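S.K.: Shown below is the structure under consideration.
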Amino acid sequence: MQKSYTQKTADVKREWHLVDVENQILGRVATTIATKLIGKHKPTYTPHIDAGDFVVVINAEKIAVSANKEETKIYYSHSGFPGGLKQRTLGQLRATHPERIIEKAVTNMLPKNKLRSSRMTRLKIYAGSDHPHEAQLIPTNKETE
């Protein structure tokens, strides 16, 4: 008889993934990032355990979008006060905060449950190619020597 495997929280091993999004389509990259944050790419995936990995995204300002979404895609935010609705196009958001484009896309692709905020804390997004996570991305085993 074969038994089902359930991963324990203590058995979780997190890896670091570097994703360069230069000239890549926003939606396709966001699905890949969300899969890594959830941990579905691992054979030990368990739905109720947060077993995802860390993801470092670079070159967020150079992400590609299809068709004419620079002018037509609108991001809404509301302050909670009367008349507090703000609308920004993708182009305006790219000029001021390019990291938020990827952050909003990945957030909306994650399941809406209690694990969502802890998964989003493992996502690190940078507009350029420089990031402070070099040490985590170096493999621990030296196979090339």
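To keep it simple, each residue is scored yes or no on (1) at pLDDT 95 or above; (2) of a type in the set (D, E, K, R); (3) loosely packed, with under 15 Cβ neighbours inside 10 Å.
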| residue | (1), (2), (3) |
| --- | --- |
| Lys86 | yes, yes, yes |
| Leu93 | yes, no, no |
| Arg100 | yes, yes, no |
| Leu115 | yes, no, no |
| Ala127 | yes, no, no |
| His133 | no, no, yes |
| Pro139 | no, no, yes |
| Glu143 | no, yes, yes |
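S.K.: Would you check which residues across the stretch 36-74 are of a type in the set (Gly, Ala, Ser) and assigned to a loop (DSSP other than H, G, I, E, B) and list them?
M.R.: Listed by number, the residues that qualify are Gly39, Ala51, Gly52, Ser66, Ala67.
S.K.: For the stretch 38-61, enumerate the residues that are in contact with a strand residue (DSSP E or B) (Cβ under 9 Å, 6 or more places away or on another chain) and under 15 Å from Glu103 (Cα atoms).
M.R.: Within the stretch 38-61, the first condition is being in contact with a strand residue (DSSP E or B) (Cβ under 9 Å, 6 or more places away or on another chain), and the residues that meet it are 53-60.
Correct list: Phe54, Val55, Val56, Val57, Ile58, Asn59, Ala60.
S.K.: Looking at Asn108, is it at positive phi and within 19 Å of the chain's Cα centre (by Cα)?
M.R.: no
S.K.: Is it the case that the stretch 90-98 has a residue that's in a helix (DSSP H, G or I), within 16 Å of the chain's Cα centre (by Cα) and over 20 Å from Arg14 (Cβ atoms)? So that I can check it myself, show each step before the final result.
M.R.: From the stretch 90-98, those in a helix (DSSP H, G or I) are 90-96; that's our starting set.
From what's left, within 16 Å of the chain's Cα centre (by Cα): none.
No, every residue in the stretch 90-98 fails to be in a helix (DSSP H, G or I), within 16 Å of the chain's Cα centre (by Cα) and over 20 Å from Arg14 (Cβ atoms).
S.K.: Across the stretch 25-84, which residue is nearest to Glu15 (Cα to Cα) among those that are among the hydrophobic types (A, V, I, L, M, F, W, C) and surrounded by fewer than 17 Cβ atoms within 10 Å (Cβ to Cβ)?
M.R.: Only one residue tops the list, namely Ile49.
S.K.: For Tyr126, all conditions in the list (1) touching a helix residue (DSSP H, G or I) at 6+ places or on another chain (Cβ under 7 Å); (2) more than 30 Å from Tyr5 (Cα to Cα); (3) without any contact (Cβ under 8 Å) to a residue 40 or more places away in the chain hold save one; what is the number of the exception?
M.R.: (3)
S.K.: Would you check if Lys104 is under 21 Å from Thr31 (Cβ atoms) and assigned to a loop (DSSP other than H, G, I, E, B)?
M.R.: Here the answer is no, as Lys104 does not meet what is asked.
The values are calculated or read from the model by the stated rules, or taken from the named source; none is laboratory data. The shown structure was predicted, so the numbers you read here are calculated from the model rather than taken from an experiment. Cβ: placed from backbone, ideal geometry, glycine included. Neighbour counts: every protein chain shown.
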